[in-house]
Every structure is written in C-alpha cells, then in structure tokens.
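Engineer: This is the structure I have questions about; it appears just below.
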Amino acid sequence: MKLATLDNGTRDGVLVVVSKDLTKCSAVGHIAPTLQAALDDWADVAPRLERVSETLETGSQPEQRFHERNALSPLPRAYQWADGSAYINHVELVRKARGAEVPESFYTDPLMYQGGSDAFLAPREPILAADEAYGIDMEGEVAVIVDDVEMGASREEALSAIRLIMLVNDVSLRGLIPAELAKGFGFFQSKPSSAFSPVAVTPDELGDEWRDGKVHLPLLVEYNGQPFGQANAGVDMTFDFGELVAHAAKTRPLRAGAIIGSGTVSNKVDGAPSKPIEEGGVGYSCIAEIRMIETIANGKPSTSFMRFGDQVSIEMKDAEGHSIFGKIEQQVQKI
C-alpha cells in the first residue's frame, strides 16, 4: 500500500491512497482525514485503506490523477523525528573532516539526534538558506514511521512496529556544525527542516527488498542533473531499523507517527571509501563525503557545498526501474 498527503491548504493536508505506479490516487477522508489520524488507529484503519488500494488497482475505486508536485511530506509535521547514523562509513568520513576520531562505541551503539519535526518541507519545496557560507548539504536517507513502541522494546518488537517506509533529504548546514557541537548540546541551527518523499509505503510493497530491517535497493541521488550517488541502502548498514527504533525507545516510549531515520546512506567499495560514479564507484549521498575523499587525496576539497540555484533529487526504483516512493526534487534558494 502506498500513501501520500496532498496539499489542501491546511497544516496536515489530506490523506490519499496512491496506485502502485504513482499515477492515480483516491481520497480516503471517510476513513482517515490525515496520515497521523490513520496511524493513531492503524489496526482498524489499515485494512480499510488496503481495500481502497486493491480496488484502486482494478479501476473500481473513485480516483484522480496523482501529481507528486501537489504532495506534502507524508507527515507534514510529526510528534517525533529522530535520525540515526547507521552507516559507519559516513560517520568515519565526516568525523575525519572535523578532525575528530571515531570512538569504538560507535560501532556497537548507534548515534542518534532529535530533529525538528514541527515543519517538514514538501518533496518539491526549495531549501531556503540565508548564506551559502553555512555549508548547505543534502543527505539522502531512508526513514520509517512506527506505531506505538513501548520503552525498552526489543529489536524484534521494534521491527514489528514499523508501519511505513519513505525517503528523506536531511538537510545539513556543515559550516555551522563544528561550533554548535563544540557547545556540547548537539545539533540545532545546523539541522534545518528535512523533506520526505511524496509517498510512504508499507514494508510489503518492497517484497524481498525489505529484509533484516533494511531496504536492499540503491538510493539514487542526482546533483544538478548528474548522477551523484547510487549507494545501496542495504549494504554497510551497521545498525538495522529494528536496532535504530529500539535505540530510540530505550528510555522513552515512541508513539504512533514517530519517524526514525537511517542517517546518510553510504557504501564502501572493496573495503575502501567509495569513488565517484564516473570513476566506477557508487558515489555519495551527501557532499561532505566527497569533500573528505578529495582532502585525503589532494590535501583540500575541490567540490563546494550547495550554492543558490543548485538542485538535488533523491529517488529509489524497483528492479523494473519504476519509482517506488516518488522523487524528492529541491532547489537551494536564498531566503
């Protein structure tokens, strides 16, 4: 089942069920007006939404054209947004860029920060910034939306609570991060609003590509119209989503609609950091990684962070080349 939230002029939009090919949708306000309302009563609502999904595919359901440009993030705002850093290759590279070592605990205990969740960007909404000197960067990730998760839940209990999967661009302002972390209180101004894919899907939509708490498909990132990254989200993921969700729930319960992110998808190639796609690697899901690779090779980075007018797109396709979640497509603009 695929779900989306269309912009109807309200804060939380209106929930629709979307066809598998992302071409049509059906309004389901009579079942649940918003995605959060559906998640709040998932056991009762989900089977009814599934029936709409089935009849939408057969053409026996009232429908309208689905336009990704009219979609908000599936949850335009959420009670909780916590982002992990499950790909240790990414952690190693960005910490080296800051001159910081990777503690041994990072390989056994996930990193996670609590992000702002009161105003997510729509998947086609611009990334606004006041100054290019902030070091504007994209971060292509996978995220899950959970049902209620009790405090102290096991990995298996956490996995069973995952209701939906989507993509995310977790925008980072790299130039602000070092000074902010030096204060000892974590990210805040350096992590502006994130954007999520037009569509969120139930795990069964991914078939065998969803297993072991991971999505085993490449995350396709384009930067200014050129292929930039195609790292596989199921490879080099040190902590799966069951572990990430359980980590988030260690000392607090999570309530329906909480979003947990994977962190930047990042692969190694033959045991070493990846190379650009044009050099035979799988590329990168953020600019910080390639800057670190350039620094290692040449003593300094040559790729700049994002500038006003730059564009990024993030997408994931199935084995037949069809888009699963729709496309995040954003341009950086001066506020």
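The values are calculated or read from the model by the stated rules, or taken from the named source; none is laboratory data. Every value quoted in this text rests on a predicted model; they were computed, and no experiment measured them. Every residue, glycine as well, gets a Cβ built from its backbone with ideal geometry; the counts of neighbours run over all protein chains shown. With ligands, DNA and RNA removed, areas are computed over all heavy atoms of the protein, side chains included. Shrake-Rupley method; radii C 1.70, N 1.55, O 1.52, S 1.80 Å.
Engineer: Run down Gly135, Gly140, Gly207, Gly152 and say which single residue is surrounded by fewer than 21 Cβ atoms within 10 Å (Cβ to Cβ) and over 24 Å from Pro47 (Cβ atoms).
Structural biologist: Numbers: Gly135 fails: surrounded by fewer than 21 Cβ atoms within 10 Å (Cβ to Cβ); Gly140 fails: surrounded by fewer than 21 Cβ atoms within 10 Å (Cβ to Cβ); Gly207 fails: over 24 Å from Pro47 (Cβ atoms).
After applying the criteria, what remains is Gly152.
Engineer: Quick check on Thr264: is it hydroxyl-bearing (Ser, Thr, Tyr), at pLDDT 95 or above and closer than 18 Å to Pro110 by Cα?
Structural biologist: Working: hydroxyl-bearing (Ser, Thr, Tyr): yes; at pLDDT 95 or above: yes; closer than 18 Å to Pro110 by Cα: yes.
Yes.
Engineer: Scan region 281-294 for residues that are of a type outside the set (A, V, I, L, M) and open to solvent by less than 50 Å² (accessible area, probe 1.4 Å) and jot them down.
Structural biologist: Of region 281-294, the ones of a type outside the set (A, V, I, L, M) are 281, 283-286, 289, 291, 294.
Those that are of a type outside the set (A, V, I, L, M) and open to solvent by less than 50 Å² (accessible area, probe 1.4 Å): Gly281, Gly283, Tyr284, Ser285, Cys286, Glu289, Glu294.
Engineer: If you go through region 226-237 one residue at a time, do you hit one that is β-branched (Val, Ile, Thr), open to solvent by less than 30 Å² (accessible area, probe 1.4 Å) and within 20 Å of Asn267 (Cβ to Cβ)? Let's see the steps before the verdict.
Structural biologist: Taking region 226-237 as the starting set, the residues that turn out to be β-branched (Val, Ile, Thr) are 235.
Of the ones still in play, those that are also open to solvent by less than 30 Å² (accessible area, probe 1.4 Å) are none.
For region 226-237, residues β-branched (Val, Ile, Thr), open to solvent by less than 30 Å² (accessible area, probe 1.4 Å) and within 20 Å of Asn267 (Cβ to Cβ): absent.
Engineer: Would you check if Ser197 is over 17 Å from Ser323 (Cβ atoms) and touching a residue at least 12 places away in the same chain (Cβ under 8 Å)?
Structural biologist: Working: over 17 Å from Ser323 (Cβ atoms): no; touching a residue at least 12 places away in the same chain (Cβ under 8 Å): yes.
No.
Engineer: Another question about this same structure. Just to verify a result, which residue in region 67-95, among those that are open to solvent by 30 Å² or more (accessible area, probe 1.4 Å) and part of a helix (DSSP H, G or I), is modelled with the lowest pLDDT?
Structural biologist: Filtering region 67-95 for residues that are open to solvent by 30 Å² or more (accessible area, probe 1.4 Å) and part of a helix (DSSP H, G or I), the one modelled with the lowest pLDDT comes out as Arg95.
Engineer: If the Cβ limit is 9 Å and pairs must be 6+ apart or interchain, which residue in region 152-178 that is within 29 Å of Met1 (Cα to Cα) and among the β-branched types (Val, Ile, Thr) pairs with which residue that is open to solvent by 20 Å² or more (accessible area, probe 1.4 Å) and assigned to a helix (DSSP H, G or I)?
Structural biologist: Short answer, once both residue conditions are applied: Ile162/Pro203; Ile165/Pro203; Ile165/Glu205.
Engineer: Identify all residues within region 191-240 that are outside any loop (DSSP other than H, G, I, E, B) and either under 22 Å from Arg77 (Cβ atoms) or small (Gly, Ala, Ser) (or both); write none if there are none. Can you show your working first?
Structural biologist: As a first pass, look at region 191-240 and keep what is outside any loop (DSSP other than H, G, I, E, B): 195-196, 200-201, 203-211, 214-215, 218, 220-223, 226-229, 232.
Residues satisfying the conditions are Ala195, Phe196, Ala200, Val201, Gly207, Gly229.
Engineer: Continuing with the same structure: Residue by residue through region 276-319, note down the ones that are farther than 15 Å from Asp137 by Cα, out of contact with any strand residue (DSSP E or B) (no Cβ under 9 Å at 6 or more places or on another chain) and at pLDDT 95 or above.
Structural biologist: Matches in region 276-319: Asp318 only.
Engineer: Now, a different point. Checking Met166 against (1) outside any loop (DSSP other than H, G, I, E, B); (2) within 30 Å of Ala100 (Cβ to Cβ); (3) within 19 Å of the chain's Cα centre (by Cα), which single condition isn't satisfied?
Structural biologist: It is condition (2) that Met166 fails.
Engineer: OK, next. Any chance region 136-146 includes a residue that's out of contact with any helix residue (DSSP H, G or I) (no Cβ under 9 Å at 6 or more places or on another chain), modelled with pLDDT of 95 or more and in a loop (DSSP other than H, G, I, E, B)?
Structural biologist: no
Engineer: Another one. Mind listing whichever residues of region 188-204 are crowded, with 17+ Cβ neighbours inside 10 Å and not aliphatic (A, V, I, L, M)?
Structural biologist: Within region 188-204, the first condition is being crowded, with 17+ Cβ neighbours inside 10 Å, and the residues that meet it are 190-203.
Result: Ser190, Lys191, Pro192, Ser193, Ser194, Phe196, Ser197, Pro198, Thr202, Pro203.
Rundown of residues vs (1) open to solvent by 40 Å² or more (accessible area, probe 1.4 Å); (2) touching a helix residue (DSSP H, G or I) at 6+ places or on another chain (Cβ under 8 Å); (3) without any contact (Cβ under 8 Å) to a residue 40 or more places away in the chain, yes/no style:
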{"site": "Lys300", "(1), (2), (3)": "yes, yes, yes"}
{"site": "Met306", "(1), (2), (3)": "no, yes, no"}
{"site": "Ile314", "(1), (2), (3)": "no, no, no"}
{"site": "Asp318", "(1), (2), (3)": "yes, yes, no"}
{"site": "His322", "(1), (2), (3)": "yes, no, no"}
{"site": "Lys327", "(1), (2), (3)": "yes, yes, no"}
{"site": "Gln330", "(1), (2), (3)": "no, no, no"}
{"site": "Gln333", "(1), (2), (3)": "yes, no, no"}
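Engineer: Another question, if that's okay. If you go through region 96-120, how many residues are within 20 Å of the chain's Cα centre (by Cα) and either open to solvent by 30 Å² or more (accessible area, probe 1.4 Å) or among the basic types (Lys, Arg) (or both)?
Structural biologist: Initially, region 96-120 is screened for residues within 20 Å of the chain's Cα centre (by Cα), giving 110-120.
Applying the additional criterion that residues be either open to solvent by 30 Å² or more (accessible area, probe 1.4 Å) or among the basic types (Lys, Arg) (or both) yields 111-114, 116, 118-119.
Residues that pass the stated criteria total 7.
Engineer: Taking Leu159 as the residue in question, decide whether it is surrounded by fewer than 23 Cβ atoms within 10 Å (Cβ to Cβ) and assigned to a strand (DSSP E or B).
Structural biologist: no
Engineer: While we're looking at this one, here's another question. In the set Gly242, Gly261, which member is open to solvent by less than 40 Å² (accessible area, probe 1.4 Å), over 21 Å from Gly321 (Cβ atoms) and under 14 Å from the mean Cα position of the chain (by Cα)?
Structural biologist: Gly261
Engineer: Quick check, is Val221 out of contact with any Leu (no Cβ under 9 Å at 6 or more places or on another chain), surrounded by 22 or more Cβ atoms within 10 Å (Cβ to Cβ), closer than 30 Å to Leu22 by Cα and modelled with pLDDT of 95 or more?
Structural biologist: Numbers: out of contact with any Leu (no Cβ under 9 Å at 6 or more places or on another chain): yes; surrounded by 22 or more Cβ atoms within 10 Å (Cβ to Cβ): yes; closer than 30 Å to Leu22 by Cα: yes; modelled with pLDDT of 95 or more: yes.
In short, yes.
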